[in-house]
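J.: Sharing a structure, written as structure tokens. Questions coming.
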Amino acid sequence: MNSFKELSMWNGFKKMLYRDLLHSTKNLSQLMNPLLLFILISASFPFAINIDENQLMIIGPGVIWVIAILSFLLTLNNLYKDDMEDGSLDYMLLSAQPLPVLTFAKILAHWFLSGLPLVILCPFVSVFYQLSIDVSMLLSLTLLIGTLALSLIGSIGASLTISSQNNTTLLSLLVLPITIPILIFGAKTVVLYQNGHTSLTGLYLIGAYCMFALSFSPFVSAASLRIGSD
Amino acid sequence: MYSLDEASIMKKNQLEIKNLTLFRGNRCLFKDLSFAINNGEVVIVKGDNGSGKTSLLRAVAGLIEPDHGCVYWNKKDITNIRQLYHQNMVWLSHKHGFKGQLNIEENLYYESGLREGFSNSFDETFEKLSLTSIKHQPFNTLSAGQKMRASIARLILSKASLCLLDEPTSNLDTKGRDFVNFWINYHINNGGMCILATHQSSPIKSSIKEIVLS
Amino acid sequence: MMTFLHKMASPRYFYSISQKLSPWFMSVGMALLLFGVINGLYFAPPDYQQSDAFRIIYVHVPAAYISMMTYSLMAIASIIGLIWRIKIAFAFTSSAASLGAWFTFLALVTGSIWGRPMWGTWWEWGDPRLTSELLMLFLYLGYMALRASINDTQKADKLSSIFILVGAINVPVIHYSVEWWSSLHQTSTLLKLDGPSIATSMLIPLMATIIGTMLYFISLLLIRVRAEVIYRHRRSKWVRELILEDKNV
């Protein structure tokens, strides 16, 4: 047909989201490994450092944040690489849907599968660091928004490195510097709360960072995917 | 299968390639390549492995930007009407592009979101392609022939006019090859267009143009 | 001016022009640097607060300015390369990367040396300017790593340019970080609306070193871009003619 009725972007978005979520549920072990790593490393940290409870409470938020980022980075590598390997990236590029719609769906699916579990596990892991319940809840909240921002920025890194060799370390090198502000604000908010400040400006700043990333990340990822598949 | 009135392939379409040139590194794969296809025509691209057949097909599809030249769909440059062009085009390669852990039905359900007008008559199509018995199996457990049939299902359900096939019969047995050729002929006879890249001889009888890359 | 820039887009023209320009930049730059360093180290009066330790400003500030300037240059060149498809812009970006990285490193190290007597610490994690400058070093390194990992030159050019643009937000952050957050650094001294707030006898060597380093940087950049241009066009006719006709290329 030479005329184009309205192409429903929601249709494409929801089906892409559905596919990625469904695909991961059939592949649960790949999903579980980074989470198990998160728990394992968080647990090993206190063993390695012989410090008392109060000091554990102080370093807890920062340490948990760092380990969360690191285990998150492990999952980013497969965001587009899997699709490139079985050829479905070509179909994404050749679809009538605008590519940013599809990349956004993938990013969101990735956040559901990698970020949200971290948020859920966080209160349990906080126990290792003797954090009180309200502190660990705040930590989870910062992780909630922070992991979304990480997914967004990580998707840019993943799309830039699809045609590179030596992916994982390169991806971490590219993504980590840009996500340092999230780490700073995330950990700082919780530490300040622990010290009695009740205003959550850090949280707002993470939210702002996340919204900013949201405004360009799907588009930049789409552009990089097109160039990378050249 | 689908109502021939509403299928896009019945509308008069034309794909035109003008002076297409592509370099990969320092090698010139093809230079000043020009041809046109109309409804019911097939173009076969022949050449050895590495001669640039896949690159030509990818350039026609719009995945690769050529160094020179243009691809026109109904007289319009495809870089300007990308979405419309992709709506009318379907790509088939030996990589299939289906997720291994999902079954055919789930994969095609996802593909229905990628374009408009994707047919809903999955079951009917599966019948015609003898896929009904395996439609609930994960894709990576299927044989090469079954996988190709699933790809053909995508071609039929998408109702696209232009079909680009990249080495569709490369790892199929004779029965599989005949199957693919049958459906390509079916598509052509219903007004579709085809560009086929292969290093095997293809017994497709229709108005054929051949391009040989060396 | 526009025709000049337009002609620069041609690698061949750029090559011949830069051959003539580069020695000028280098000589004027070195002269200014020499003047600035001697003036700054000997003739400028000691600061009333910091006495002689402040003299490292003559190395630290130029290095920091150049590090930010290089990144901005790379960002602009990336935009030119991506949007207007002018290939030589990518040669500029890739050549400027390691220069920028070294200047950033220099700025960080000299800053750290200066910080020790002044603030009592080699490094201060809470300081936003320090953190964002360190971030910029990582961005440079990330750019170089990304370039190196992609085999196809065209793809590498475009993808790494996208990366530079994503990180470009960091440059205004570094510049305004002293105003937005409380920092150990002092606020802007030079780029203020009512004139610089630094004594003239200290200002002159500072300006001399800043401009001198800038010119020095440009001449180095031109040398590197020329090498890059020759390498990229090594198979074209004009390069082969150049090599054959003139042995000292």
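J.: Can you tell me which residue is nearest to B:Cys194 (Cα to Cα) among those in the stretch B:129-143 that are in contact (Cβ under 8 Å) with a residue 24 or more places away in the chain and of a type in the set (S, T, N, Q)?
T.: B:Asn140
J.: Any residue at all in the stretch A:7-25 that is outside any helix (DSSP H, G or I), within 14 Å of chain B (Cβ to nearest Cβ) and surrounded by fewer than 16 Cβ atoms within 10 Å (Cβ to Cβ)? Steps first, answer last, please.
T.: Here is the first cut: in the stretch A:7-25, the residues outside any helix (DSSP H, G or I) are A:7-8.
Filter once more, keeping what is within 14 Å of chain B (Cβ to nearest Cβ): A:7-8.
Then keep just the ones that are surrounded by fewer than 16 Cβ atoms within 10 Å (Cβ to Cβ); that gives A:8.
Yes, because at least one residue in the stretch A:7-25 is outside any helix (DSSP H, G or I), within 14 Å of chain B (Cβ to nearest Cβ) and surrounded by fewer than 16 Cβ atoms within 10 Å (Cβ to Cβ).
J.: I've got another one for you. For the list (1) out of contact with any strand residue (DSSP E or B) (no Cβ under 9 Å at 6 or more places or on another chain); (2) among the small types (Gly, Ala, Ser); (3) free of Cβ contacts under 8 Å to residues at least 60 places away in the same chain; (4) closer than 22 Å to A:Asn11 by Cβ, I need the number of the one condition that B:Gly97 fails.
T.: (1)
J.: Separate question: Going residue by residue through the stretch B:144-153, is there one that turns out to be crowded, with 23+ Cβ neighbours inside 10 Å and touching a residue at least 60 places away in the same chain (Cβ under 8 Å)?
T.: yes
J.: What number of residues in the stretch C:149-191 are in contact with a Gly (Cβ under 8 Å, 6 or more places away or on another chain) and more than 9 Å from chain A (Cβ to nearest Cβ)?
T.: 3
J.: Moving on to the next point. Would you point out which residue out of B:Leu131, B:Leu157, B:Leu165, B:Leu142 is closer than 19 Å to A:Gln97 by Cβ and among the aliphatic types (A, V, I, L, M)?
T.: B:Leu157
J.: With C:Phe35, C:Phe43, C:Phe4, C:Phe25 as the choices, which residue is of a type in the set (Phe, Trp, Tyr) and without any contact (Cβ under 8 Å) to a residue 24 or more places away in the chain?
T.: Selected residue: C:Phe4, the only one of C:Phe35, C:Phe43, C:Phe4, C:Phe25 that is of a type in the set (Phe, Trp, Tyr) and without any contact (Cβ under 8 Å) to a residue 24 or more places away in the chain.
J.: Still on this structure, I have one more. Just for helices (runs of 4 or more DSSP H) wholly inside the stretch B:38-134: which have at least 2 residues that are at pLDDT 90 or above and facing another protein chain (nearest Cβ under 10 Å)? Even if it seems obvious, please write down each step before you answer.
T.: Numbers: elements: B:53-61, B:82-87, B:104-111, B:122-128.
Because the criterion is at least 2 residues that are at pLDDT 90 or above and facing another protein chain (nearest Cβ under 10 Å), the helices (runs of 4 or more DSSP H) in the stretch B:38-134 that meet it are B:53-61, B:82-87, B:104-111.
J.: While we're here: Considering only residues of the stretch C:133-148 that are small (Gly, Ala, Ser) and surrounded by fewer than 21 Cβ atoms within 10 Å (Cβ to Cβ), which is farthest from the other protein chains (Cβ to nearest Cβ)?
T.: Looking at the filtered set, the residue picked out is C:Ala148.
J.: Next up: Mind checking whether some residue in the stretch A:43-53 is within 30 Å of B:Ser112 (Cβ to Cβ), more than 10 Å from chain B (Cβ to nearest Cβ) and out of contact with any helix residue (DSSP H, G or I) (no Cβ under 9 Å at 6 or more places or on another chain)?
T.: Checking the stretch A:43-53: not a single residue is within 30 Å of B:Ser112 (Cβ to Cβ), more than 10 Å from chain B (Cβ to nearest Cβ) and out of contact with any helix residue (DSSP H, G or I) (no Cβ under 9 Å at 6 or more places or on another chain).
J.: B:Ser55 passes all but one of (1) touching a Leu at 6+ places or on another chain (Cβ under 6 Å); (2) touching a residue at least 40 places away in the same chain (Cβ under 8 Å); which number fails?
T.: Of (1) touching a Leu at 6+ places or on another chain (Cβ under 6 Å); (2) touching a residue at least 40 places away in the same chain (Cβ under 8 Å), only one is false for B:Ser55: (2).
J.: Could you please find all residues in the stretch C:179-219 being within 24 Å of C:Leu135 (Cα to Cα) and modelled with pLDDT of 80 or more?
T.: C:Ile210, C:Thr213, C:Met214, C:Phe217, C:Ile218
J.: Okay, next question. Of the residues B:Phe182, B:Phe139, which is within 18 Å of B:Leu92 (Cα to Cα) and surrounded by fewer than 19 Cβ atoms within 10 Å (Cβ to Cβ)?
T.: Just a single option satisfies the conditions, and that option is B:Phe182.
J.: Sticking with this one: Restricting the search to the stretch C:139-162, which residues are under 18 Å from the mean Cα position of the chain (by Cα) and without any contact (Cβ under 8 Å) to a residue 40 or more places away in the chain?
T.: Across the stretch C:139-162, the qualifying residue is only C:Gly142.
J.: Next question. Select from the stretch A:106-151 the residues that are within 22 Å of A:Gln194 (Cβ to Cβ) and either touching a strand residue (DSSP E or B) at 6+ places or on another chain (Cβ under 9 Å) or of a type in the set (D, E, K, R) (or both) and list them in ascending order. Break it down into steps so the answer makes sense when it comes.
T.: Within the stretch A:106-151, the first condition is being within 22 Å of A:Gln194 (Cβ to Cβ), and the residues that meet it are A:118-147.
Answer for the stretch A:106-151, where residues must be within 22 Å of A:Gln194 (Cβ to Cβ) and either touching a strand residue (DSSP E or B) at 6+ places or on another chain (Cβ under 9 Å) or of a type in the set (D, E, K, R) (or both): just A:Asp134.
J.: So B:Phe126 ticks every box in (1) surrounded by fewer than 17 Cβ atoms within 10 Å (Cβ to Cβ); (2) farther than 25 Å from A:Glu85 by Cα but one. Which box is left unticked?
T.: (1)
J.: Identify the single condition in (1) under 23 Å from C:Gly126 (Cα atoms); (2) under 16 Å from the mean Cα position of the chain (by Cα); (3) touching a residue at least 12 places away in the same chain (Cβ under 8 Å) that A:Ser172 does not satisfy, given that it satisfies every other one.
T.: Just one mismatch for A:Ser172, condition (1).
J.: Could you say whether any residue in the stretch B:18-36 is of a type in the set (Val, Ile, Thr) and crowded, with 19+ Cβ neighbours inside 10 Å? Walk me through it before giving the result.
T.: Here is the first cut: in the stretch B:18-36, the ones of a type in the set (Val, Ile, Thr) are B:21.
Next, only the ones that are crowded, with 19+ Cβ neighbours inside 10 Å stay: none.
Checking the stretch B:18-36: not a single residue is of a type in the set (Val, Ile, Thr) and crowded, with 19+ Cβ neighbours inside 10 Å.
J.: Which is assigned to a helix (DSSP H, G or I) and either at the interface with chain A (Cβ under 9 Å from one of its Cβ atoms) or β-branched (Val, Ile, Thr) (or both), of C:Thr121, C:Thr104?
T.: C:Thr104
J.: I'm trying to understand the selection: among the residues of the stretch A:83-108, which are over 15 Å from A:Ile156 (Cα atoms) and part of a helix (DSSP H, G or I)?
T.: The answer is A:Asp83, A:Met84, A:Glu85, A:Asp86, A:Ser88, A:Leu89, A:Asp90, A:Tyr91, A:Met92, A:Leu93.
The values are calculated or read from the model by the stated rules, or taken from the named source; none is laboratory data. This is a predicted model, so every value here is computed, not measured. Using ideal geometry, Cβ is built from the backbone for each residue, glycine included, and neighbour counts are taken over all protein chains shown.
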